Structures are given as C-alpha cells and as structure tokens.
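For reference, the structure discussed in these notes is given below.
The values are calculated or read from the model by the stated rules, or taken from the named source; none is laboratory data. These numbers were taken from a predicted model, which means no experiment stands behind them. Don't worry about glycine lacking a Cβ; one is built from the backbone with ideal geometry, like all the others, and counts go over all protein chains shown.
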Amino acid sequence: MGLALIDGFDDYASSAGGEGGSDAVWVGFGSPPASTYITGLLGSGRALNLVGANNTGGRSRNFAQAIGDGAILSFRFKASQFGQFALFGFGGIFAKTNSGGQIQICRGGFDTNNNTVILYSSGNLAINTPYFIEVKLVGKTSGGSLELFVDGNSWGTFSGQTQTFNGISSVQLGAGQSGQTWAYDDLYVLNDVADVRLGDMKVVTLLANADTADADWTPSTGTDGYAVIDDDQANTSDYLSASNAGDLSLFDFANLGFSPATVAGIAIETLGKKSDAGTTTIRNVVKSGSAIANGTTRSVGTAFGYQAQDIFPTDPNTSAAWTGAAIDALKAGIERVA
Ligand SMILES: [Ca+2]
Ligand SMILES: [Ca+2]
Ligand SMILES: [Ca+2]
C-alpha cells in the first residue's frame, strides 16, 4: 500500500523532448500532444501543459512496480476547452469529456470511438478552471469498481466490468484537439484502493543547496557538488560523476518554507548515464538523523535517462510519517553501487 508514483512536473528540462525532458518518462503514443510547461496550477513550480494534436494521441507513464488490480489516480487539471476528446487513461479505462465539460469514463482503449461509457459524471467541468480529480479504480474484467471524485466530491460510481483485462500498470494524459491546452499538476498514484484517499495534495520539488561530508562524486565544473545538480530546469551541461563502487554524495536541500499538515511521502528520481562499457549501478539515498534508507539499485544506460522513482513514504529515522522539520533537515543523494 502507498504511493506508486509522484510527479509535480516542476523540474524537467526546458525542452520536453531533450535530455531531462518529460517526454522521456511521459512517452507519446498515437499522435501525441506537444509537451510544454506553465506555472504550476497552485501558482508555484510548473505544470505539464499538453497542447493537443489529435484526440487519439496522448502521453503514457508506467509505474515502477506493478500495482495489481486496484489503485487511485489523483491530479490537478485545467483545460482551455472541452470536446469529445481523451482526458486521461488509467489501467484499462479512459475518460473523455463532452463539449459541456462532463467527464465520461469508458472501458476500452485510449480514443474516443467505439468504447463503452461506464460512468457519466454528475457534474460538469468548466474551462480555464483548476480541479483536483481522483479516480478510484478496481480494474478487472468482472467484479471491478470505479469512483470519480472532483474537488473531493463524488461525481459518480460504477460496479462491474471496468476493463478488458485485469490490472493497472500505467497512466495516460491527453490534450484534446489541435490547439487546445490541457494542464496537469500534482499527480500521484496510490497503489491500493484500500489506501485512504489523500485528496487535494501539492507536490513540492526541493533542490540541493549545499554539500555535506559525504562528497565522493566529482562535479564536472567547480568544486561544489550541489552546484551542478541544483538546476531549476534539469540540464546535463554540468553533472556529477563517480568512478568507484561505494562512492556516495549526500546533499542538503532547500527547506519547504511552510509547515505541511501532512506528508504522504518523498520521491527521489535521478537523471543519469554511464560513459563506459561494463556494469554500472546506482541507487538513491536518503539520510534522516543518522538513519539511512537506500532506494532500489538500478543499472544506468549510455544515454541520459531518468531512473525509476524511489518513494520513501516514511522517515527512516522514526519509521513514522515525514514531518516538515524532518524534510527540512534531511540529506539525500546518490551512491554508485557497482
Ligand atoms: Ca507542479
Ligand atoms: Ca546540471
Ligand atoms: Ca534543508
């Protein structure tokens, strides 16, 4: 149970299709919308702003781990216009809207044709208005269930066959017709419908702002490690490198600047590559107090790519939920494992 994916869309490279851009993890299919970024839908950070190309195209992101039949998708959303176009997909359902802003959730593939509507929303979305949408899905060929929430209110339920297959492994985002812009922000997925819906949450991105005593990785320029990874928009023009197994660098990160009522978890995602033949594995590391938590050890390829996220739902120092103070004090970074 817990978080399977967090994406605040804040720190992708300015060129969505380049190294470090969001298109590397939100992979286009069909006639995919163009990925651009706008100011975050709560007024800070960034949001993914998809510019429609074709209603049968979208962008898809897989979860790091399979999450079984039941999950909850949550995200903030704003559209410039509605029509009979694909809004989001989740497992084997997809949602479209009519021109009045009603959400219609279908069983079938990510397009607008020849699919069975299984849920008509009880309310209508308005254009140019941010909403927080939650979709609680048991995705099965029989015995499934579906509930749609908008701004915390139930907008409809369905029980029965929700999908043409069992299981949920990815989420898709659409953008409607050419010229329409559909923006997404603060997206997260809970991997079990038994999880309590977290509701309207904000994803905050913190950047490294100081080195620590653990400083084995070498900056490509200058002497401060943090200074090559503190990019507000990810870039690969400067970077850290490590040659030896066991090399570890941990960094201080900027403070939140506010006191969160609750913290559902933190995620670390690394953009990296190797420059030589042979096995190269790395892992993300979080240090809280004197407690260390390691992410999954993963191989890196020869082209810059994002590693799958490591999500730490609890503070390793307390085994309880993170507090704002603990996040402000944490150190995090990267270890070369082999
Ligand atoms: Ca954001
Ligand atoms: Ca950099
Ligand atoms: Ca800090």
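Before moving on, here are some points about what is shown:
- Count of the range 230-259 residues which are within 15 Å of ligand 3 (Cβ to nearest atom), in contact with a Phe, Trp or Tyr (Cβ under 8 Å, 6 or more places away or on another chain) and among the hydrophobic types (A, V, I, L, M, F, W, C): 1
- Taken together, the criteria place LYS202 among residues that are within 16 Å of ligand 1 (Cβ to nearest atom) and in contact (Cβ under 8 Å) with a residue 24 or more places away in the chain.
- Restricting the range 218-240 to residues that are free of Cβ contacts under 8 Å to residues at least 40 places away in the same chain and of a type in the set (D, E, K, R), the residue that is nearest to ligand 2 (Cβ to nearest atom) is ASP238.
- Residue in the range 173-188 that is within 25 Å of GLN233 (Cα to Cα), among the aromatic types (Phe, Trp, Tyr) and more than 12 Å from the chain's Cα centre (by Cα) present: yes
- Any hit, the range 318-325, residues being within 16 Å of ligand 3 (Cβ to nearest atom), farther than 26 Å from GLY17 by Cα, under 20 Å from the mean Cα position of the chain (by Cα) and assigned to a strand (DSSP E or B): no
This table checks each residue for (1) hydroxyl-bearing (Ser, Thr, Tyr); (2) within 16 Å of ligand 1 (Cβ to nearest atom); (3) at positive phi.
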residue: SER22; (1), (2), (3): yes, yes, no
residue: TRP26; (1), (2), (3): no, yes, no
residue: PRO32; (1), (2), (3): no, no, no
residue: GLY43; (1), (2), (3): no, yes, yes
residue: VAL51; (1), (2), (3): no, no, no
residue: ASN55; (1), (2), (3): no, no, no
residue: ARG61; (1), (2), (3): no, yes, no
residue: GLY68; (1), (2), (3): no, no, yes
residue: GLY89; (1), (2), (3): no, no, no
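- Count - residues of the range 1-34 that are hydrophobic (A, V, I, L, M, F, W, C) and not in a loop (DSSP other than H, G, I, E, B): 8
- Criterion: under 30 Å from ARG298 (Cβ atoms) and buried (at least 23 other Cβ atoms within 10 Å of the Cβ) - qualifying residue of GLY45, GLY52, GLY58: GLY58
- Criterion (under 25 Å from PHE63 (Cβ atoms) and either at pLDDT 95 or above or part of a strand (DSSP E or B) (or both)) met by exactly one of ASN284, ASN255, ASN244: ASN284
- Taken over the range 1-20, the criterion of being free of Cβ contacts under 8 Å to residues at least 24 places away in the same chain and buried (at least 18 other Cβ atoms within 10 Å of the Cβ) is satisfied by ALA16 alone.
- Among the residues of the range 160-176, not a single one is of a type outside the set (S, T, N, Q) and within 16 Å of ligand 3 (Cβ to nearest atom).
- Sole residue being of a type outside the set (Lys, Arg) and modelled with pLDDT under 95, chosen from GLY17, GLY21, GLY58, GLY28: GLY58
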